[in-house]
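The values are calculated or read from the model by the stated rules, or taken from the named source; none is laboratory data. Quantities reported herein were computed from a predicted structural model and do not represent experimental measurements. Cβ sites come from the backbone with ideal geometry, for glycine too, and all protein chains shown count toward neighbours. What goes into the accessible areas is simple: the full protein's heavy atoms, side chains included, and nothing from ligands, DNA or RNA. Shrake-Rupley method; radii C 1.70, N 1.55, O 1.52, S 1.80 Å.
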Amino acid sequence: MKRVSSHVSIASEAEINLDLSRLLIDKPRLTLERKRSFDEQSWSELSHRQNDGFDSIMHSPAFPSGFDSPFSLGTLGDPHPLVNEAWEALRKSVVYFRGQPVGTIAAVDHASEEVLNYDQVFVRDFVPSALAFLMNNETDIVKNFLLKTLHLQSSEKMVDRFKLGAGAMPASFKVDRNRNRNTETLVADFGESAIGRVAPVDSGFWWIILLRAYTKYTADTSLAESSECQNCMRLILNLCLSEGFDTFPTLLCTDGCSMIDRRMGIYGYPIEIQALFYMALRCALQMLKPDGEGKDFIEKIGQRLHALTYHMRNYFWLDFPHLNNIYRYKTEEYSHTAVNKFNVIPDSIPDWVFDFMPCRGGYFLGNVSPAMMDFRWFALGNCIAIISSLATPEQSVAIMDLIEERWEELVGEMPLKICYPAIENHEWRIITGCDPKNTRWSYHNGGSWPVLLWLLTAACIKTGRPQMAKRAIELAETRLLKDGWPEYYDGKLGRFIGKQARKFQTWSIAGYLVARMMLEDPSTLMMISMEEDRPVKPTMRRSASWNA
């Protein structure tokens, strides 16, 4: 396989649109005045495969390299100086265990006196690093990471004498070196050392998503089909698909269980977790073997996806017509005919929403639960909704319309706002617990995170809007190297380096590389994107009380 070249310049908007148009299907799926999303046939043409199913990987050639792809733009100009600097910085973050690369640490900030846990390998942080290495045909580090975290899953997981579920994946791990005995040991953190002592819900989902990405890129199914990986997926799914008292197909979570790892009022059913949950279920559905326990989980996934898709697309979706309906809601409705199913009080709609919502555009709400709708816009959840096809083609277009219409608020001078708007004043004190790091327009409270650039780029490419990604990447390139690759930026427009941001943050570096390489070769999106519009039907079983 040829190495994917990342040392190229981004083509002009006209050149990108011309290349994209050659791969689009003649019959548009959406009757809109926008470039429509790539559909399942488009992905099939790009990958030379029959379908997006896991089985197709076994009978297909390896993932196409950049030079073999019609999207390769390597002859169009000189390399951007930032690319070489980014690769050099990324390689400095690589962690070795017994001579083998196993991941990348969170940050290499030599100027910071406090190391805290920034010298550890975080599961969620490593994903953009892994994608960058895969695109550069460096697959060993990704395989080693998947195997090491898989083995750590079986570690004893105790938090204050309470044992976590067997399927919980670590938030991070570090290499403990005993120089006296000349030994190395991997030590995992499942949340027992984290701020707030919260176990990560998203780690298991990212692990499954990365396993599929590795398999799609390498065309090597032996890892995913191994008994260890099959068991790891089943353990993760067992935690998520277990039956309980909840009447919703969404996953109930606490604050601090995802990228937003501090108290930010996202407890309940946060969009980030639901979108990752949906994507992980679909990835697992492609990789699980349909035998023994795998068959039972495949049936459970089908049933859950059917309900989850309906719930998310109907109750979490907000656009102008939906907002107008909520504004006119009646309360205290009873029975199955109720329109206001969650008994949301219209007076609880914040004033900013009415100005923020354009006539054309929409997004998935931050949270929906009884008597509560979190109207905040969250970047990761909405981008994953597009990439995973949780969003319908129409909804995907609407999300991109919203970003385009509200570019100054959501992108500003540094892509991309983690959420919008920021919580302020008394509300900030109540919701964040007066967290001094999450003051308004900082960190998780409306801060701008360069790592989100790769997710925005993926969403742009999938919806046929590479010019938006190009504009965002060029914005980032004016600041990142000069500012020392910060973890996050502060301010309404993202103009200021975060007040406590670490320098040389690894996922800021990797996020830029992935975004740039993805725009240079959009076919690489296949390893992370899910096909559109494939209906998921639950397995129907006859009731035990049924009599012939």
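List the residue pairs whose Cβ atoms are under 8 Å apart, where the first residue sits in segment 82-95 and is in contact (Cβ under 8 Å) with a residue 12 or more places away in the chain and β-branched (Val, Ile, Thr), the second is open to solvent by less than 10 Å² (accessible area, probe 1.4 Å) and part of a strand (DSSP E or B), and the two are 6 or more positions apart or on different chains.
Here the result reads VAL94/GLY103; VAL94/THR104; VAL95/VAL102; VAL95/GLY103; VAL95/THR104; VAL95/VAL121, each pair linking segment 82-95 to a residue that is open to solvent by less than 10 Å² (accessible area, probe 1.4 Å) and part of a strand (DSSP E or B).
If you check PRO370, PRO393, PRO415, PRO346, which single one turns out to be in contact (Cβ under 8 Å) with a residue 24 or more places away in the chain, farther than 26 Å from ARG282 by Cα and open to solvent by less than 50 Å² (accessible area, probe 1.4 Å)?
PRO415
Out of the residues in segment 301-343 that are open to solvent by 80 Å² or more (accessible area, probe 1.4 Å) and among the aromatic types (Phe, Trp, Tyr), which is nearest to ILE386 (Cα to Cα)?
TYR310
Which residues, taken from segment 236-255, are out of contact with any His (no Cβ under 9 Å at 6 or more places or on another chain) and either open to solvent by less than 10 Å² (accessible area, probe 1.4 Å) or of a type in the set (S, T, N, Q) (or both)?
Answer for segment 236-255, where residues must be out of contact with any His (no Cβ under 9 Å at 6 or more places or on another chain) and either open to solvent by less than 10 Å² (accessible area, probe 1.4 Å) or of a type in the set (S, T, N, Q) (or both): ILE236, LEU237, ASN238, SER242, THR247, THR254.
Can we say SER56 is more than 23 Å from LEU455 (Cβ to Cβ) and at pLDDT below 50?
It is true that SER56 is more than 23 Å from LEU455 (Cβ to Cβ) and at pLDDT below 50.
Among the residues of segment 252-265, is there at least one that is in contact (Cβ under 8 Å) with a residue 24 or more places away in the chain, on the phi < 0 side of the Ramachandran plot and acidic (Asp, Glu)?
The answer is yes, given that some residue of segment 252-265 is in contact (Cβ under 8 Å) with a residue 24 or more places away in the chain, on the phi < 0 side of the Ramachandran plot and acidic (Asp, Glu).
Residues are listed down the side, and each one gets a yes or a no for (1) open to solvent by less than 40 Å² (accessible area, probe 1.4 Å); (2) free of Cβ contacts under 8 Å to residues at least 60 places away in the same chain; (3) under 17 Å from CYS232 (Cα atoms):
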position	(1), (2), (3)
MET135	yes, no, no
THR139	yes, no, no
THR149	yes, yes, yes
SER154	no, yes, yes
ASP160	no, yes, no
ALA168	yes, no, yes
GLU192	no, yes, no
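Enumerate the pairs (first residue in segment 455-478 and in contact (Cβ under 8 Å) with a residue 60 or more places away in the chain and open to solvent by less than 10 Å² (accessible area, probe 1.4 Å); second residue anywhere and outside any helix (DSSP H, G or I) and of a type in the set (Ser, Thr, Tyr)) with beta-carbon separation below 9 Å, excluding pairs fewer than 6 apart on the same chain, so at least 6 apart or on different chains.
ALA458/SER529; ILE461/SER529; LYS462/SER37; LYS462/SER389; LYS462/SER529; THR463/SER37; GLY464/SER37
Which of the residues that make up segment 221-251 are closer than 15 Å to LEU147 by Cβ, small (Gly, Ala, Ser) and without any contact (Cβ under 8 Å) to a residue 12 or more places away in the chain?
Passing the criteria: SER222, SER226, SER227.
I'd like the full set of residues that are buried (at least 24 other Cβ atoms within 10 Å of the Cβ) and either in contact with a strand residue (DSSP E or B) (Cβ under 9 Å, 6 or more places away or on another chain) or more than 22 Å from ALA515 (Cβ to Cβ) (or both), limited to segment 444-454. If you could, list the steps in order and put the result at the bottom.
Going residue by residue through segment 444-454, those that are buried (at least 24 other Cβ atoms within 10 Å of the Cβ) are 445-454.
Listed by number, the residues that qualify are ASN445, GLY446, GLY447, SER448, TRP449, PRO450, VAL451, LEU452.
If I filter segment 156-163 for residues that are more than 26 Å from ILE384 (Cα to Cα), at pLDDT below 95, in a loop (DSSP other than H, G, I, E, B) and among the aliphatic types (A, V, I, L, M), do I get at least one hit? If you could, list the steps in order and put the result at the bottom.
Of the residues in segment 156-163, the ones more than 26 Å from ILE384 (Cα to Cα) are 156-163.
Subset that is at pLDDT below 95: 156-163.
Narrowing the set further to residues that are in a loop (DSSP other than H, G, I, E, B) leaves 156-157, 160-161.
Now drop any that are not among the aliphatic types (A, V, I, L, M), which leaves none.
Checked against the condition, which is being more than 26 Å from ILE384 (Cα to Cα), at pLDDT below 95, in a loop (DSSP other than H, G, I, E, B) and among the aliphatic types (A, V, I, L, M), segment 156-163 yields no hits at all.
A quick yes/no check of all residues on (1) at pLDDT 95 or above; (2) in contact with a strand residue (DSSP E or B) (Cβ under 8 Å, 6 or more places away or on another chain); (3) assigned to a helix (DSSP H, G or I); (4) over 21 Å from GLY292 (Cβ atoms):
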{"residue": "TYR217", "(1), (2), (3), (4)": "yes, no, yes, yes"}
{"residue": "CYS232", "(1), (2), (3), (4)": "yes, no, yes, no"}
{"residue": "PHE245", "(1), (2), (3), (4)": "no, no, no, yes"}
{"residue": "ILE260", "(1), (2), (3), (4)": "yes, yes, no, yes"}
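Can you pull out the residues in segment 256-265 that are out of contact with any Lys or Arg (no Cβ under 8 Å at 6 or more places or on another chain), farther than 18 Å from GLY204 by Cα and open to solvent by 10 Å² or more (accessible area, probe 1.4 Å)?
If the condition is that a residue be out of contact with any Lys or Arg (no Cβ under 8 Å at 6 or more places or on another chain), farther than 18 Å from GLY204 by Cα and open to solvent by 10 Å² or more (accessible area, probe 1.4 Å), then ARG263, GLY265 are the ones that fit.
LEU493: open to solvent by less than 10 Å² (accessible area, probe 1.4 Å), touching a helix residue (DSSP H, G or I) at 6+ places or on another chain (Cβ under 8 Å) and modelled with pLDDT of 95 or more, yes or no?
Spelling it out, it is not the case that LEU493 is open to solvent by less than 10 Å² (accessible area, probe 1.4 Å), touching a helix residue (DSSP H, G or I) at 6+ places or on another chain (Cβ under 8 Å) and modelled with pLDDT of 95 or more.
Output the residues belonging to segment 396-412 that are within 19 Å of HIS311 (Cβ to Cβ) and either open to solvent by 10 Å² or more (accessible area, probe 1.4 Å) or at pLDDT below 95 (or both). If you could, list the steps in order and put the result at the bottom.
Applying the first criterion (within 19 Å of HIS311 (Cβ to Cβ)) to segment 396-412 yields 396, 398-399.
Within segment 396-412, just ALA398 meets the criteria.
If we scan segment 500-511, do we find a residue that is part of a helix (DSSP H, G or I), without any contact (Cβ under 8 Å) to a residue 60 or more places away in the chain, among the polar types (S, T, N, Q) and open to solvent by less than 10 Å² (accessible area, probe 1.4 Å)?
Yes, that holds for at least one residue.
If you go through segment 123-131 one residue at a time, do you hit one that is of a type in the set (Gly, Ala, Ser), surrounded by fewer than 24 Cβ atoms within 10 Å (Cβ to Cβ) and in contact with a strand residue (DSSP E or B) (Cβ under 7 Å, 6 or more places away or on another chain)?
no
Pull up segment 79-122, narrow it to residues that are among the hydrophobic types (A, V, I, L, M, F, W, C) and part of a loop (DSSP other than H, G, I, E, B), then point me to the one that is least open to solvent (accessible area, probe 1.4 Å).
Filtering segment 79-122 for residues that are among the hydrophobic types (A, V, I, L, M, F, W, C) and part of a loop (DSSP other than H, G, I, E, B), the one least open to solvent (accessible area, probe 1.4 Å) comes out as ALA106.
Among the residues of segment 472-493, how many are of a type outside the set (Asp, Glu) and within 21 Å of the chain's Cα centre (by Cα)?
Total meeting the criteria: 7.
Looking at segment 420-436 only, could you name the residues that are open to solvent by 50 Å² or more (accessible area, probe 1.4 Å) and either assigned to a helix (DSSP H, G or I) or of a type in the set (A, V, I, L, M, F, W, C) (or both)? Explain how you work it out, then say what you get.
If we filter segment 420-436 for residues that are open to solvent by 50 Å² or more (accessible area, probe 1.4 Å), which is where we start, we get 424-427, 429-430, 434, 436.
Those that are open to solvent by 50 Å² or more (accessible area, probe 1.4 Å) and either assigned to a helix (DSSP H, G or I) or of a type in the set (A, V, I, L, M, F, W, C) (or both): ASN425, HIS426, GLU427, ARG429, ILE430, CYS434, PRO436.
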